[in-house]
Amino acid sequence: MEPLYQYAWLIPVLPLAGAMLVGLGLISFNKAINRLRQLNAVLIVALMGASMTISFALLWSQIHGHEAFSRSFEWAAAGDFHLTMGYVIDPLASLMLVIVTTVAFLVMVYTDGYMAHDPGYVRFYTYLSLFGASMLGLVISPNLVQIYIFWELVGMCSYLLIGFWYDREAAADACQKAFVTNRVGDFGLLLGMLGLYWATGSFDFGIMGERLHDLVQSGALWSSFAALLAILVFLGPAAKSAQFPLHVWLPDAMEGPTPISALIHAATMVAAGVFLIARMYPVFEGIPVAMNTIAWTGAFTAFLGASIALTQNDIKKGLAYSTISQLGYMVMAMGVGAYTAGLFHLMTHAYFKAMLFLCSGSVIHGMEGVVGHDPVLAQDMRLMGGLRKYMPITSITFLIGTLAICGIPPFAGFWSKDEILGLTFAANPILWGIGWLTAGITAFYMFRMYFMTFEGKFRGNEMEIRAELKAEEGNLQPAFGPGAMDPNELDHHDDHHSSEPHESPLSMTLPLIALAVPSFLVGWLGRPWANSFEAFIHAPGEEVTEAVAEAAHFDWSEFLIMGGTSVGIALIGITLASLMYLQGKIDAGAIARQFQPLYQFSLNKWYFDDLYDKLFVRGLRRLARQIMEVDYRVVDGAVNFTGLVAILSGEGLKYLENGRAQFYALIIFAAVLGFVVVSSLT
């Protein structure tokens, strides 16, 4: 097995090589490369498949007890400063490698069908491969500096992919919003990273944790300052994993193509924040203030995302807020010390949420044949309904993902979410209450999405609804009343070619079926009475025997009570969703009108976008204008005044400096006379 570890560096290098080859080809021979579009796609998918094969081999080796392997070389040195680069393969890295490569591979296969008619097909595959390489490089990084380098590369790829359709204003704005918001978090991460190096003299995760703990214990470093450094580092994961208050970029990122939503914004990039918390766990663990901050941030974010998802009608944005909520669960788990449970939920969520996003892309693909290539119409669930009849594979896989995320046994989400809630209850019952309530809200909004999309009658041909939706976006005249748009005119502009949606091609449905398997089965790895996952992934410093001993002391009564309460609240949410959106026994519109302020609060996303726009966007623009005014009037004015004085004095002196001795004598005489007069007067 040793040669396998020695060549583990190929895992990120292979997709990087694919991105470089195809990218250089696009720059040099654009037309020829675009004519060979599927050949380029096969090359990129094959290289990612090779990385996936090596990743599975490494995971298998780690499961069977192979020691962690690392290889490094000196990258920079100056005096006592030495910075190394390299890679490390341990249980956490091997698990993340498998998650990233499997999801990336299936998304790349799916992309062939989804982007088949897009002129940027080859460019999209190039970006996908570059992102995969960046994420894989981040996973195997052995120190904080190398992680930061790949962290920024991942952010760059996210910018390129969100703004892939850069000619659309919404996509261009979304990628800028994502970039700026993540820079806020990354600046905090950079400050915290440099502060930790100043305090500990190392960028190695374990060494930083040990030395920081010793410094605080000995009194050489204030505990409050250590907490500040830890919280600054946490700002990086908070932005990348879309935690409050840096969560606002993720829903807007849905402007990118749907495969990106599945790969980056559900399974991999947003999980990088949780992964970094896991890597930095030796630092966070010994600082209670930091752990509490992480836990409460995660709990609030979980509730925040779920409460906004309740009223979303765009299928992708609903799933985006669901992702924010589920990431909050993971972060909360890390904060309360449930290290294994947080990473377990990261794994299960990666598979079922990637499947849900790809299902949404399949739905959009089918709807575009009816309503045209307009995201306002193709993504709005109010125009869907009854799609189970037309898209059976998509509907079944979406239902599996919905059951998994709602925590219904025996699907994967039940085992990971129940583990988080159980350990959270032992640490802090208030946090458990927030998580438990969020579980009920999650079940409600997810089945609301399922019923609105796949059950009932198909509403895509109802022109009045289309006109109303377009009017809501402010793009057209009012849907009804004076100046209302003629539905026939709207129909003419939609450029549709079918009256019914259709199932997606095999290249799109096959990845859905493949992801449905782990969405159902992977949770069994973490069943609490034989928790093989906990024996494999456990907190740094914890021995395997301790993890096994915890699993051996399994309490059935506690499991049934905790599991029963989480399933019970989920069933209540499902029942309410069924009564409102399937059976129609409860009028959802009447409830919205009765609780109009709360409904508007959720629909407008707690007004965070409006608040940030007023405080930061408009506020910074106002400040910039004031600074420009100061620059124009004060700085430029002082420079211009100096120049004017020089010109005037020069012009005046040229009449005095005429070279005539008599004139100079006259000036001297006048000056002496002046002094005499002044002296006599005083």
Practice task
Please find, among Ala41, Ala19, Ala8, the residue that is touching a Leu at 6+ places or on another chain (Cβ under 7 Å), surrounded by 16 or more Cβ atoms within 10 Å (Cβ to Cβ) and under 19 Å from Arg123 (Cα atoms).
Solution key: Ala19
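For the stretch 72-79, check the following and say yes or no: at least one residue is part of a loop (DSSP other than H, G, I, E, B) and surrounded by 13 or more Cβ atoms within 10 Å (Cβ to Cβ). First the steps, then the outcome.
Residues of the stretch 72-79 that are part of a loop (DSSP other than H, G, I, E, B), as a first pass: 79.
Subsequent filtering for residues that are surrounded by 13 or more Cβ atoms within 10 Å (Cβ to Cβ) retains none.
Scanning the stretch 72-79 turns up no residue that is part of a loop (DSSP other than H, G, I, E, B) and surrounded by 13 or more Cβ atoms within 10 Å (Cβ to Cβ).
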Exercise for the section: Test Leu95 against the stated conditions and say whether it is open to solvent by 40 Å² or more (accessible area, probe 1.4 Å) and either more than 23 Å from Tyr351 (Cβ to Cβ) or at pLDDT 90 or above (or both). Expected result: no
Exercise for the section: State yes or no: is Gln243 at negative phi and open to solvent by 10 Å² or more (accessible area, probe 1.4 Å)? Expected result: no
Completion exercise
Apart from one, (1) outside any helix (DSSP H, G or I); (2) under 22 Å from Met96 (Cβ atoms) all hold for Gly328; the odd one out is (1)
Handout entry: Hits in the stretch 255-277 (condition: open to solvent by less than 10 Å² (accessible area, probe 1.4 Å), under 25 Å from Asp167 (Cα atoms) and part of a helix (DSSP H, G or I))
Key = Thr258, Pro259, Ile260, Ser261, Ala262, Leu263, Ile264, His265, Ala266, Met269
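Yes/no matrix, rows are residues, columns are (1) more than 43 Å from the chain's Cα centre (by Cα); (2) in a helix (DSSP H, G or I); (3) among the β-branched types (Val, Ile, Thr); (4) at pLDDT 85 or above:
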position	(1), (2), (3), (4)
Asp610	no, yes, no, yes
Tyr632	no, yes, no, no
Asn640	yes, yes, no, yes
Ile647	yes, yes, yes, yes
Glu651	yes, yes, no, no
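Name the helices (runs of 4 or more DSSP H) wholly inside the stretch 368-469 in which the number of residues that are at pLDDT 90 or above and open to solvent by 10 Å² or more (accessible area, probe 1.4 Å) is 1 or more.
Working: elements: 375-378, 387-390, 392-405, 412-427, 429-454.
Answer list for the stretch 368-469: 387-390, 392-405, 412-427, 429-454.
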Problem - Which numbered condition Thr101 fails, given (1) of a type outside the set (D, E, K, R); (2) in contact with a His (Cβ under 9 Å, 6 or more places away or on another chain); (3) open to solvent by less than 30 Å² (accessible area, probe 1.4 Å) - result: (2)
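The values are calculated or read from the model by the stated rules, or taken from the named source; none is laboratory data. This one's a predicted model, so the numbers in the text were calculated from it and none came from an experiment. Note that we place each Cβ from the backbone using ideal geometry, even for glycine, and neighbour counts take in every protein chain shown. The protein model used for the area step is the full one, side chains on, heavy atoms only, and it has no ligands, DNA or RNA in it. Shrake-Rupley method; radii C 1.70, N 1.55, O 1.52, S 1.80 Å.
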